[in-house]
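Chemist: Sharing a structure below in structure tokens format, with a few things to ask.
Laboratory data are not the source of any read-out in this text; all were calculated from the coordinates shown. It should be emphasised that the depicted structure is a prediction, and the values quoted were computed from it without experimental measurement. Cβ coordinates were reconstructed from backbone atoms using ideal geometry, including for glycine residues, and neighbour counts include every protein chain displayed.
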Amino acid sequence: MSIPQSSATPAVSTDPVANLASLIRCASVTPAEGGALSALEAMLAPLGFAVDRVTMTEEGTPDIENLYARLGSDGPHLMFAGHTDVVPVGDAASWTHPPFSAEIAGGEMYGRGAVDMKGGIACFVAAVARIKARLGALPGSVSLLITGDEEGPAINGTVKLLEWAKARGERWDACLVGEPTNPDRLGDMIKIGRRGSLSGTVTVHGVQGHAAYPHLADNPVRGVLSLAEALMDPPFDTGTAEFPASNLEVTSIDVGNPAVNVIPAKATASFNIRFNDCWTADSLMAEIEARLARAAEASPLREGRPPVRYTLAWRERPSHVFLTRNNALIGSLSAAVEATIGRAPALSTTGGTSDARFIKDYCPVVEFGLVGQTMHMVDERVPVADLETLTRIYEAFIERWFADAGL
């Protein structure tokens with residue numbers, strides 16, 4: 001079964017299933033817009049949203065088209081943030097239903113982006129449309145900040161779109177990011193913060209030589225193993241009330257050596273640490289640098305040789321840890337979830353990073369969306385019933401937030 005495509009179907013729909021079908025049928029694999037922003041604009045403009053399409057550029061990266069839309073001009077201002085770009089489909093022949101067909105089977109809609117995160121966008125638009133149909137207007141302003149490169153390098157998307165909007169005078173009182181936050185069932189979890197993320201690569205410099213004459217060489221593998229061990233042990237902390245313990249994983253050790261009888265000239269170890277609010281990015285970088293320096297000097301494997309020679313390169317900008325403490329935002333969303341499904345959601349800081357890490361610098365932000373079990377997988381799909389339930393949660397949340405904002 002699929003949702004029919006017809007020119008008689010209105011662009012604006014209070015039905016999240018129809019909204020999502022329109023978005024899934026757009027092959028918006030990063031960095032392509034693929035028609036997804038045009039489909040979204042067609043839903044928003046008849047509702048009265050002022051819509052801007054903004055293309056951001058930076059040398060060496062693809063141009064990215066983004067969308068910013070606002071309904072209302074005064075009162076409390078609630079932002080919904082998300083992305084219409086999706087990851088590649090992989091082997092399209094492995095899909096039970098074509099990845100951009102939005103077909104429904106067994107009560108589920110199939111398609112790339114169904115849960116990550118075109119589904120959240122479709123439900124939020126439907127929620128706003130229902131409130132407008134019922135009340136005629138909202139008691140404040142609602143905006144959508146939608147990027148096209150969240151699944152890519154995240155350079156020409158949310159960061160620059162926020163700066164662009166702020167320069168135009170936009171200010172927000174709160175933000176909901178529609179990422180798929182629920183691990184098992186809709187309503188399980190609201191994300192109220194995220195751990196920080198920091199990555200780097202250590203390169204140990206040795207002396208290349210013949211494996212049969214080790215005294216003429218200096219094997220960097222010994223050094224890189226010692227430094228890697230120092231990065232992982234001892235633990236950085238034991239966690240805090242809101243966050244689990246910081247955790248560093250060495251994700252790659254490589255010498256690039258195809259020969260078994262050659263001692264390599266260098267060895268590298270790449271690592272990533274997800275850290276809690278015991279640390280800032282700067283304090284964590286200092287701790288890692290100190291660990292490496294101590295290990296390089298004290299390695300028991302040196303046997304009279306000089307300290308391990310190494311260099312450390314930090315990779316990309318770090319993601320900073322944050323925790324949202326805003327009763328109006330968290331309370332209204334929690335109450336909306338409980339009123340709709342009959343149970344209170346957990347408040348969590350688990351998982352990876354999201355665009356909330358950028359939005360936190362502008363206003364309080366939380367994340368809540370669909371169940372994420374099939375995101376990025378072949379046969380990504382969402383139960384049709386969950387789309388209706390999430391729409392009702394968003395509808396209740398919007399009304400409660402405007403009532404509780406007290407601005």
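Chemist: From the phi angles alone, apply the Karplus equation (6.51, -1.76, 1.60; θ = phi - 60°) to segment 149-157 and give each ³J(HN,Hα) in whole Hz, x where the residue is Gly or Pro.
Modeler: Coupling constants for segment 149-157: 9, 5, 7, x, x, 6, 9, 9, x Hz.
Chemist: Taking amide H positions as placed in the peptide plane 1.01 Å from N, state which residues far from Met79 in sequence (5 or more) or on other chains have amide H under 5 Å from it.
Modeler: Ser143, Asp173, Ala174, Cys175, Leu176
Chemist: Continuing with the same structure: Tell me the label-point distance for the pair Ala298, Glu59, using the 7 Å Cα-to-Cβ offset, in nm and rounded to one decimal.
Modeler: Taking the two extended label points, one gets 4.5 nm.
Chemist: Taking R0 as 25 Å, what's the FRET efficiency between Val378 and Ile253 from their Cβ-Cβ distance, rounded to 0.05? If you can, show how the numbers build up before the last one.
Modeler: Details: r = 30 Å, r/R0 = 1.21.
That gives a FRET efficiency of 0.25.
Chemist: Gain in length, Thr201 to Ser94, computed as 0.36 nm per residue apart minus the alpha-carbon separation, to one decimal in nm?
Modeler: Difference between extended and current length: 34.9 nm.
Chemist: Assuming a ≥ b ≥ c are the square roots of the Cα gyration tensor eigenvalues, decide whether segment 1-146 counts as rounded (a/c under 1.5), prolate (otherwise, with a/b larger than b/c) or oblate.
Modeler: Note, shape of segment 1-146 comes out oblate.
Chemist: A further question follows. Any idea how far apart Ser38 and Asp74 come out in nm if each label point goes 7 Å out from Cα toward Cβ?
Modeler: It is 3.8 nm.
Chemist: Could I ask something else about it? Ratio to report: Rg/Rh of the chain, with Cα atoms as the point set and Rh obtained by the Kirkwood method; give two decimals.
Modeler: Details: Rg = 24.6 Å, Rh = 23.2 Å.
With Rg and the Kirkwood Rh in hand, the quotient comes to 1.06.
Chemist: Once both labels are modelled 7 Å past Cα along the beta-carbon direction, what's the Ala137-Arg185 spacing in nm?
Modeler: It is 4.1 nm.
Chemist: Roughly speaking, what is the stretch gain from Ala212 to Arg309, that is 0.36 nm per residue apart minus the C-alpha to C-alpha distance, in nm to one decimal?
Modeler: Numbers: separation 97, 0.36 × 97 = 34.92 nm, distance 2.26 nm.
Length gained, Ala212 through Arg309: 32.7 nm.
Chemist: Right, another one. For segment 296-378, state which GluC sites (Glu not before Pro) are in a DSSP loop and have at most 10 other beta carbons lying within 10 Å of their beta carbon.
Modeler: Working: sites: Glu297, Glu303, Glu316, Glu338, Glu367; in loops: Glu303.
Within segment 296-378, the qualifying GluC sites (Glu not before Pro) (loop, at most 10 other Cβ atoms within 10 Å) are Glu303.
Chemist: Helix 281-298 versus the longest principal axis of the chain: what angle, 0 to 90°, nearest 10, using Cα atoms?
Modeler: It works out to around 20 degrees.
Chemist: Answer rounded, prolate or oblate for segment 75-177, using the Cα gyration tensor with square roots of eigenvalues a ≥ b ≥ c: rounded when a/c is under 1.5, else prolate when a/b is larger than b/c, else oblate. Intermediate results must be reported in sequence, preceding the final value.
Modeler: Details: a/c = 4.23, a/b = 1.44, b/c = 2.93.
Oblate.
Chemist: Based only on the alpha carbon positions, what is the Kirkwood hydrodynamic radius of segment 366-407, in angstrom?
Modeler: Working: mean 1/r = 0.0822 Å⁻¹.
The answer is 12.2 Å.
Chemist: Right, another one. Let me check against my output: what whole-number percent is the relative contact order of the chain, with C-alpha pairs under 8 Å and at least 6 apart? If you can, show how the numbers build up before the last one.
Modeler: On the way: 890 pairs, mean separation 93.5, N = 407.
This gives 23 percent for the chain.
Chemist: Still on this model: What full-extension length gain, to one decimal in nm, is calculated for Ala339 and Ala105 as 0.36 nm per residue of separation minus the Cα-Cα distance? Don't jump to the answer; show the numbers that get you there.
Modeler: Values: separation 234, 0.36 × 234 = 84.24 nm, distance 2.91 nm.
Result for the pair: 81.3 nm of gain on full extension.
Chemist: With θ set to phi - 60°, apply the Karplus curve 6.51 cos²θ - 1.76 cosθ + 1.60 along segment 88-103 and write out the HN-Hα couplings as whole Hz, x wherever there is a Gly or Pro.
Modeler: Once rounded to whole Hz, the list reads x, 7, x, 7, 4, 5, 7, 6, 5, 10, x, x, 10, 9, 6, 6.
Chemist: Explain nothing, just compute: Karplus ³J(HN,Hα) = 6.51 cos²θ - 1.76 cosθ + 1.60, θ = phi - 60°, for every residue of segment 178-189 in order, whole Hz, x for Gly and Pro.
Modeler: x, 5, x, 8, 8, x, 10, 10, 4, x, 5, 8
Chemist: Quick check on segment 196-319: take the gyration tensor over C-alpha atoms, sort the square-rooted eigenvalues as a ≥ b ≥ c, and tell me if it's rounded (a/c under 1.5), prolate or oblate. Could you put the intermediate results ahead of the total?
Modeler: Values: a/c = 2.82, a/b = 2.16, b/c = 1.31.
Prolate.
Chemist: By average Cβ neighbour count within 10 Å, what is the ranking of 377-385, 138-146 from highest down?
Modeler: On the way: 377-385: 19.2, 138-146: 21.9.
Top of the packing list down: 138-146, 377-385.
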